[in-house]
Every structure is written in structure tokens, then in C-alpha cells.
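For reference, the structure is listed below as C-alpha cells.
The values are calculated or read from the model by the stated rules, or taken from the named source; none is laboratory data. Source: prediction; values computed, not measured. Neighbour counts are summed over all protein chains in view; Cβ atoms, including those assigned to glycine, are modelled from backbone coordinates with ideal geometry. The area values use the complete protein model at the heavy-atom level, side chains included, leaving out ligands, DNA and RNA. Shrake-Rupley method; radii C 1.70, N 1.55, O 1.52, S 1.80 Å.
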Amino acid sequence: VPLRRAVIVQARMGSTRLPGKVLLDLAGRPMLAQQLRRLKRCRLVDEIVVATTVDSADDPVRALAEAEGLRWYRGSADDVLSRYLGAAREASADIVARVTADCPLIDPDQTDRVLRTLAEGGAALDYASNVIERTFPRGLDTEAMTFQTLERLDRLASSAPAREHVTFFLLRERPDLCRVRSVTDADDNSDLRWTVDTAADLEVVRRLY
């Protein structure tokens, strides 16, 4: 049976610097809808899941996922790790790719590349990403891990940053526990910033679109 691969996009309306940014207009559609449109072009993905929170403020995020014909999952606002695990379980995912909803310039080819790297590692690899050693612009970030790795993180991670940032435990607190591979590019473009945290970021992305 082939492994089932799901991209789980964490998305919520709450943002301190740019409230409601995930649904702000970007070339005539909500920013999240544009990002999902790009992710739908991934060739190595069986399903895209939008993981939002149980807060009523995030009802529009769920509605957008539904309108896009995608699975959605609602979990804790702060314990994002448990939200990811719940979403992965619901999608029956063997492999989970983690993406955040502030990356409307995400490149499906690079998301596929991270998934391919994990697949090529087979049983000898738990996790692959293009964020360990940064060579890609910020905003193409993709992390991929096995479902077992995600379960293990949920079981072992207890600090607030580890619960909120999903892979913090794996990358920062106990990097010795998992077998990881870094996906890097021939050119170093890590100085470029294509993610949306502020109104100025959104303006740049709107001009590009």
C-alpha cells in the first residue's frame, strides 16, 4: 500500500502584527485561497488539510477550506502540535508536510522536493525540511515527517514553545532523538523574505501577484 501524504496548513485569524491576514485580499482572492491553489499543484501530495482552531473567530477559515473542497480540522489555538496530530489522524496520513498560512508564494516544486527527500531516506529518516540550514527564501518553508515522528513529538514535547511551534522539540530541544535531513539549494537566497507577517510584507506580495 503506498504511503498517504498530507500537507497540513496551519491557519488562524489571530495574528498580532496583521490581524486576519490569512483572509486578506491578494489579487482578488483571500491570501490563504491563493496559497492553497499553489499547494494543489504538488505532485507528491494526496490531500491538503487546513488545520485551524476551535475559536469562533476561525469559522471563516473553516468555511474557506470547505469552499476549496478541502478537509479541515479544528483544534487548540496554542497547542499547535496536538492540532497537527489531530489533523494528521483525521486524514489517515503516513507522511505529514507542515506549512504555515503566511506563505502565499509557496513553491509546490519545493514542497514536493522536501517530501521526495524524506521518501528517499526511507526507514532511515524521520524528518526532512528546507528550514534547518536556510538557503531558500523565507516563505517557501516546508517540513516533512513521518506520522510516527509527529506522534513521538506529541508524546515527548512539553514546553510551551515546543507545543506551539510543532517541531521546536525536534530541532532545538532534542535534535539527537530524530534522524533529519536538510534540503538545500545550490544558491543561497536565505536573505530574501517572501512571507507575510506585516502590512509591508503583504504589499510586496500584492505587487508580485
- Taking region 87-131, which residues are closer than 14 Å to L36 by Cα and not in a helix (DSSP H, G or I)? A97, R98, V99, T100, A101, D102, C103, P104, L105, I106, D107
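Answer yes or no as to whether A101 is closer than 17 Å to E164 by Cβ, in contact with a Phe, Trp or Tyr (Cβ under 7 Å, 6 or more places away or on another chain), open to solvent by less than 10 Å² (accessible area, probe 1.4 Å) and among the hydrophobic types (A, V, I, L, M, F, W, C).
So A101 fails the test.
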- Message: Can you pull out every residue in region 144-160 that is polar (S, T, N, Q) and touching a residue at least 40 places away in the same chain (Cβ under 8 Å)?
- Response: T146
- Item | Residue in region 65-85 that is open to solvent by 10 Å² or more (accessible area, probe 1.4 Å), within 14 Å of E151 (Cα to Cα) and without any contact (Cβ under 8 Å) to a residue 40 or more places away in the chain present | no
- Item | Single residue of region 132-152 satisfying the filter (in contact with a strand residue (DSSP E or B) (Cβ under 8 Å, 6 or more places away or on another chain) and outside any loop (DSSP other than H, G, I, E, B)) that is farthest from D191 (Cα to Cα) | F147
- Exactly one of (1) within 27 Å of V205 (Cα to Cα); (2) within 16 Å of the chain's Cα centre (by Cα) is unmet by A93. Its number? (1)
- Note on the structure: Counted residues in region 167-192 being touching a helix residue (DSSP H, G or I) at 6+ places or on another chain (Cβ under 7 Å), more than 18 Å from L125 (Cβ to Cβ) and in contact (Cβ under 8 Å) with a residue 24 or more places away in the chain come to 0
- Condition met for R163 (open to solvent by 90 Å² or more (accessible area, probe 1.4 Å), in contact with a helix residue (DSSP H, G or I) (Cβ under 6 Å, 6 or more places away or on another chain), in contact (Cβ under 8 Å) with a residue 60 or more places away in the chain and under 30 Å from E90 (Cα atoms)): no
- Task: Report yes if some residue within region 127-143 is open to solvent by 40 Å² or more (accessible area, probe 1.4 Å) and free of Cβ contacts under 8 Å to residues at least 40 places away in the same chain; otherwise report no.
- Result: no
- Message: Looking at region 174-191, can you tell me whether even one residue there is closer than 17 Å to A128 by Cβ, outside any loop (DSSP other than H, G, I, E, B), in contact with a Lys or Arg (Cβ under 9 Å, 6 or more places away or on another chain) and open to solvent by less than 80 Å² (accessible area, probe 1.4 Å)?
- Response: yes
- Message: Given the condition open to solvent by 40 Å² or more (accessible area, probe 1.4 Å), more than 16 Å from the chain's Cα centre (by Cα), within 25 Å of E203 (Cα to Cα) and modelled with pLDDT of 95 or more, answer yes or no: does some residue in region 2-17 qualify?
- Response: no
- For L202, are the conditions met, namely being part of a helix (DSSP H, G or I), more than 24 Å from L18 (Cβ to Cβ) and modelled with pLDDT of 95 or more? no
- Do we have V114 as over 24 Å from R29 (Cα atoms), surrounded by 15 or more Cβ atoms within 10 Å (Cβ to Cβ), in contact with a helix residue (DSSP H, G or I) (Cβ under 8 Å, 6 or more places away or on another chain) and not polar (S, T, N, Q) here? no
- Considering each residue of region 38-64, count those that are in contact with a Leu (Cβ under 8 Å, 6 or more places away or on another chain), buried (at least 19 other Cβ atoms within 10 Å of the Cβ) and part of a helix (DSSP H, G or I), and give that number. 2
